[in-house]
Amino acid sequence: MKTEIKHQWFYNQTPGEIWEYLTKAELIEKWLMPNDFEPILGHEFKFTTNPIPNMGLDGNFHCKVIEIIPLKKLVYSWKGGSGGEITLDTIVEWTLVPKENGTELTLLHSGFKEENGSIFTAMFDGWDKNIKKMLEHLNTDDNANTKS
Amino acid sequence: MPTPNLDAFQVIADPSRREILGMLTKDTYNIKALAENFDMSRPAVSKHIKILQTAGFITIQEIGRERHCILNQEGFNELKNWISHFDEFWSRKLQKLDNVLNDKNKT
């Protein structure tokens, strides 16, 4: 099962221009969300948006700069939840690659509970099998009942 | 004993509950058989089962006199929802970034 999100976009602008829009709070806000980002390793910041109650998200994403290589790579943690309790603990990674007429920007949003992801995968795999088993159980039981 | 209303991630954050789910991916178990695999009391196991059931991870089917636990697909839809939500979210935002950058170049 999918536990990460990857998007790759090509922009006509230079890595320098794209980088500004990834690392300047007022420019980030123009396309992403209000925030207090600063391009400093270890800086803790917050994105704020509307809450999504049915997903248990209160609209605050708590982030921390984990890696920053000017014009090339930016990584921050991305945690969300509700009422101070973090239920979404993920990583957002931006990579910039200069191209002939612009920049290739890759976004990798990962960490959707990889640990639990494996159990989910197993559950998906086990699903069909279990249904069949269940039916077998039921059939056996029916037979047993008719016999008695 | 009241069953706390937990979200999907809180439900599976507990190692015992993950183990129960893990066991159920391989076979269906009745509550007694499940409990025998854990170093805790039957009521404690029953509580975990109740939590899993409330969150939609498992369903309990009565077969004869036994209550069998089987996996239910509903529970992990929440995780899928998060992933598809952010997938779509980033798509929109990256498109917006494109628009913002192009608008900037016009002025």
Amide H contacts under 5 Å for A:Gln13, placed H, 5+ residues apart: A:Thr103
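Write down, largest first, the equivalent ellipsoid semi-axes of the stretch B:8-73 in whole Å, where each equals the square root of 5 times an eigenvalue of the alpha-carbon gyration tensor.
The three semi-axes for the stretch B:8-73 are 16, 14, 11 Å.
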Radius of gyration, Dmax [the stretch A:61-109; alpha carbons; angstrom]: 13.6, 47
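Exceeding 32 Å between C-alpha atoms, which entries from my cross-link table qualify? They are A:Lys72/B:Lys96; A:Lys6/B:Lys47; A:Lys46/A:Lys72; A:Lys30/A:Lys99; A:Lys6/A:Lys46; A:Lys64/A:Lys99.
A:Lys6/B:Lys47
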Accessible area that becomes buried as B packs against A, both chains, 1.4 Å probe, Å², nearest 100: 4600
Peptide-level mean, for B:90-102, of C-beta atoms on other protein chains within 10 Å: 6
Nonlocal amide H pairs with A:His43, under 5 Å, H built at 1.01 Å: A:Val65
Interchain or long-range residues, amide H under 5 Å from A:Lys99's placed H: A:Glu104
For the stretch B:45-62, Karplus couplings with θ = phi - 60° (6.51, -1.76, 1.60), whole Hz, Gly/Pro x: 5, 4, 5, 4, 5, 4, 4, 4, 5, 4, 7, x, 7, 9, 10, 10, 10, 8
Test item: B:52-64 mean partner chain Cβ contacts at 10 Å: 1
Using θ = phi - 60° and Karplus 6.51 cos²θ - 1.76 cosθ + 1.60, couplings along the stretch A:41-48 (whole Hz; Gly, Pro as x): 4, x, 5, 9, 9, 9, 9, 10
Estimated Rh, the stretch A:1-101: Kirkwood, alpha-carbon pairs, angstrom: 14.6
Packing rank of B:35-42, A:52-59, where each peptide gets the mean count of other beta carbons within 10 Å, highest leading: A:52-59, B:35-42
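The values are calculated or read from the model by the stated rules, or taken from the named source; none is laboratory data. If you're wondering where the values come from, they're calculated on a predicted model, not measured in any experiment. Neighbour counts run over all protein chains shown; Cβ positions are idealised from the backbone, glycine included. Quick note on the areas: whole protein, heavy atoms, side chains included, nothing else; ligands and nucleic acids left out. Shrake-Rupley method; radii C 1.70, N 1.55, O 1.52, S 1.80 Å.
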